[in-house]
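Structure first, then comments.
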């Protein structure tokens, strides 16, 4: 008997699993945690499959980025490799149910990632010392018969868990699963879920892999949030994984979101091709009556106002302060950067350093000033004679807080739990979001406006300051007209062949030697273009604008789709396998990237 084992230790990315012999006295099951010899160590591993013998005609190593070399293959065929025995069964029952084993294999293929990376993203860390009750014959009630039907509820950040859990008083035996739990707690919760005891599982992104033996529903709150995209290999998208789990388990998907992603709304509400999920974007999301004002900052500059605050906003702040109301000023930037305004052509933009002249008309008649939390606070202090509280992601901020008379914040507040709401809120510089590189900038802006409105009392006031007050995105967001926003964005994406009319794969070369990184990425780009794949567009390479310690150059593969179903995306990635698989291991590969930069 032989077993294919994913070894939980650092290894080259080429192999996906390793083959071991099963000693006659051992009864090994797929999904089981074992110890195996690996060099001079005996790390843990998860059994993928078992079989009676080796098929020497079709012997392969599961790998998405390389091929088994002929020398090793010949050795196997000539019985020159002596497979080592599995050393020990660590726990008597499998840690992965069958559908998660299938999901693990699928993730490695879909995301072009090593199996070990997928497994590490999926499973909790194993405690170094397992409790005796786990290791000495503990039996888990993990069969479908007798197990509780489970509902999985996901939130973008654990700061919202208490708020969301309160919406489910019917939960009799809830279990939390997120990365803020201690290693022992998270592993114990994994076993509790696996045993079929939990009727509701509440958690953040990683909870999508909860080993529920009888999953009936997956509920995702604020699915548009970037926190649902994994930032490490395999760079999975939570909704995409949920869709595959739904295929394996027949679970239903429900999305509760006031600002759905364009691709999400296209799949579930605006496409006749699938109705396997439902977006509760109107019924369950708060819809307060607000007064929203759009202020054109170009006109403010022409009138001689070069501060961060428009005249209208200054007036609102003063009046709200006198009445004892609470004010929230939102600035979507964390690092200092200069705001540029050309008096000649009214061009505006943001730059790390003061330019010599206007990039558009070359005029030197411009204003350049720095906008950040501290400079904004100084201006507000002149109006109301108090020091505003700065809410940012630092050691002094706590996720639970009560609003003060004037708060100045970054997007971090959207992940906090507040004990009261504001009478006045303002998006100080809407163009910092709207002018971002990448096709998802309008989505991000729309969600920012919805998040700010959710922090307001009923009939509260929202002020949006922008240099482009007639922008259709600004108008749609201010009036809560998602359908108008969606149709406008969808039309533009259709012309450009952006998702949902294509799937993106981002391949990034990086290194401290900028010239070498660029040269390697250019060579790869030319090699891919020479393949001349039908329906494939190759963009780049382009240098990342993000501040990093090393140079980064990205290639974007754009494969056209007939529809955006998971099946269509799987087919497209299968067709691109021969393009992606030869890519060197030192390149980063991200399927369905959240950002093209």
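The values are calculated or read from the model by the stated rules, or taken from the named source; none is laboratory data. Please read these numbers as outputs of a predicted model, since none were measured by experiment. No Cβ is skipped: glycine too gets one built from the backbone with ideal geometry, and neighbour counts run over all protein chains shown.
Let me confirm something: among 296, 304, which residue is at pLDDT 90 or above and on the phi > 0 side of the Ramachandran plot?
On the way: 296 fails: on the phi > 0 side of the Ramachandran plot.
Every option except 304 fails the conditions.
Exactly one condition in (1) in contact with a strand residue (DSSP E or B) (Cβ under 6 Å, 6 or more places away or on another chain); (2) outside the structural domain of residue 309 (by TED's automatic domain parsing) is not met by residue 577; state its number.
(1)
Just to be sure, is residue 334 surrounded by fewer than 18 Cβ atoms within 10 Å (Cβ to Cβ), farther than 30 Å from residue 356 by Cβ and at pLDDT below 95?
Values: surrounded by fewer than 18 Cβ atoms within 10 Å (Cβ to Cβ): yes; farther than 30 Å from residue 356 by Cβ: no; at pLDDT below 95: yes.
Spelling it out, it is not the case that residue 334 is surrounded by fewer than 18 Cβ atoms within 10 Å (Cβ to Cβ), farther than 30 Å from residue 356 by Cβ and at pLDDT below 95.
Among the listed residues 167, 229, 172, identify the single one that is under 30 Å from residue 420 (Cα atoms), free of Cβ contacts under 8 Å to residues at least 12 places away in the same chain, in contact with a strand residue (DSSP E or B) (Cβ under 9 Å, 6 or more places away or on another chain) and surrounded by fewer than 19 Cβ atoms within 10 Å (Cβ to Cβ). Break it down into steps so the answer makes sense when it comes.
Numbers: 229 fails: free of Cβ contacts under 8 Å to residues at least 12 places away in the same chain; 172 fails: free of Cβ contacts under 8 Å to residues at least 12 places away in the same chain.
Just a single option satisfies the conditions, and that option is 167.
Every residue, every condition in (1) outside any loop (DSSP other than H, G, I, E, B); (2) over 18 Å from the mean Cα position of the chain (by Cα); (3) under 21 Å from residue 107 (Cβ atoms); (4) modelled with pLDDT of 95 or more, yes or no:
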{"residue": "171", "(1), (2), (3), (4)": "no, yes, no, yes"}
{"residue": "181", "(1), (2), (3), (4)": "no, yes, no, no"}
{"residue": "190", "(1), (2), (3), (4)": "yes, yes, yes, yes"}
{"residue": "197", "(1), (2), (3), (4)": "no, yes, no, no"}
{"residue": "208", "(1), (2), (3), (4)": "yes, no, yes, yes"}
{"residue": "227", "(1), (2), (3), (4)": "yes, no, yes, no"}
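When you go through 219, 193 one by one, which is the residue that is touching a residue at least 24 places away in the same chain (Cβ under 8 Å), farther than 24 Å from residue 125 by Cα and in contact with a strand residue (DSSP E or B) (Cβ under 7 Å, 6 or more places away or on another chain)? Please lay out each step first, then the result.
On the way: 193 fails: farther than 24 Å from residue 125 by Cα.
Unique residue meeting the criteria: 219.
Got a sec? Which helices (runs of 4 or more DSSP H) wholly within region 85-145 have at least 3 residues that are buried (at least 19 other Cβ atoms within 10 Å of the Cβ) and either at pLDDT below 90 or within 32 Å of the chain's Cα centre (by Cα) (or both)? Show your work before the answer.
Working: elements: 98-110, 115-122, 132-135.
Per the criteria, 98-110, 115-122.
Condition first: closer than 29 Å to residue 233 by Cα, touching a helix residue (DSSP H, G or I) at 6+ places or on another chain (Cβ under 8 Å) and modelled with pLDDT of 50 or more. Can you find one or more residues in region 22-45 that meet it?
Yes, some residue in region 22-45 is closer than 29 Å to residue 233 by Cα, touching a helix residue (DSSP H, G or I) at 6+ places or on another chain (Cβ under 8 Å) and modelled with pLDDT of 50 or more.
In the set 50, 60, which member is at pLDDT below 95, in a strand (DSSP E or B), more than 31 Å from the chain's Cα centre (by Cα) and not assigned by TED's automatic domain parsing to the domain that holds residue 234? Spell out how you get there, then give the answer.
On the way: 60 fails: in a strand (DSSP E or B).
Within the list 50, 60, the selection yields 50.
Tell me whether region 355-368 contains one or more residues that are in a helix (DSSP H, G or I) and surrounded by 16 or more Cβ atoms within 10 Å (Cβ to Cβ).
no
Looking at 328, 405 in this structure, which one is in contact with a strand residue (DSSP E or B) (Cβ under 8 Å, 6 or more places away or on another chain), under 15 Å from residue 430 (Cα atoms) and at pLDDT 85 or above? Give the derivation first.
Details: 405 fails: under 15 Å from residue 430 (Cα atoms).
Sole residue among the options that is in contact with a strand residue (DSSP E or B) (Cβ under 8 Å, 6 or more places away or on another chain), under 15 Å from residue 430 (Cα atoms) and at pLDDT 85 or above: 328.
Kindly establish whether residue 231 is under 26 Å from residue 450 (Cβ atoms), in a strand (DSSP E or B) and under 20 Å from the mean Cα position of the chain (by Cα). I'd like the intermediate steps shown before the answer.
Working: under 26 Å from residue 450 (Cβ atoms): yes; in a strand (DSSP E or B): no; under 20 Å from the mean Cα position of the chain (by Cα): yes.
No, not satisfied.
Out of curiosity, is residue 529 surrounded by 20 or more Cβ atoms within 10 Å (Cβ to Cβ) and under 18 Å from residue 574 (Cα atoms)?
No: the conditions fail for residue 529.
Run residue 481 past the list (1) crowded, with 17+ Cβ neighbours inside 10 Å; (2) modelled with pLDDT under 95 and report the number of the one that doesn't hold.
Every listed condition holds for residue 481 apart from (1).
What do you reckon, is residue 209 in contact with a helix residue (DSSP H, G or I) (Cβ under 6 Å, 6 or more places away or on another chain), crowded, with 18+ Cβ neighbours inside 10 Å and free of Cβ contacts under 8 Å to residues at least 60 places away in the same chain? Quick ask: steps written out before the conclusion?
Details: in contact with a helix residue (DSSP H, G or I) (Cβ under 6 Å, 6 or more places away or on another chain): yes; crowded, with 18+ Cβ neighbours inside 10 Å: yes; free of Cβ contacts under 8 Å to residues at least 60 places away in the same chain: no.
Here the answer is no, as residue 209 does not meet what is asked.
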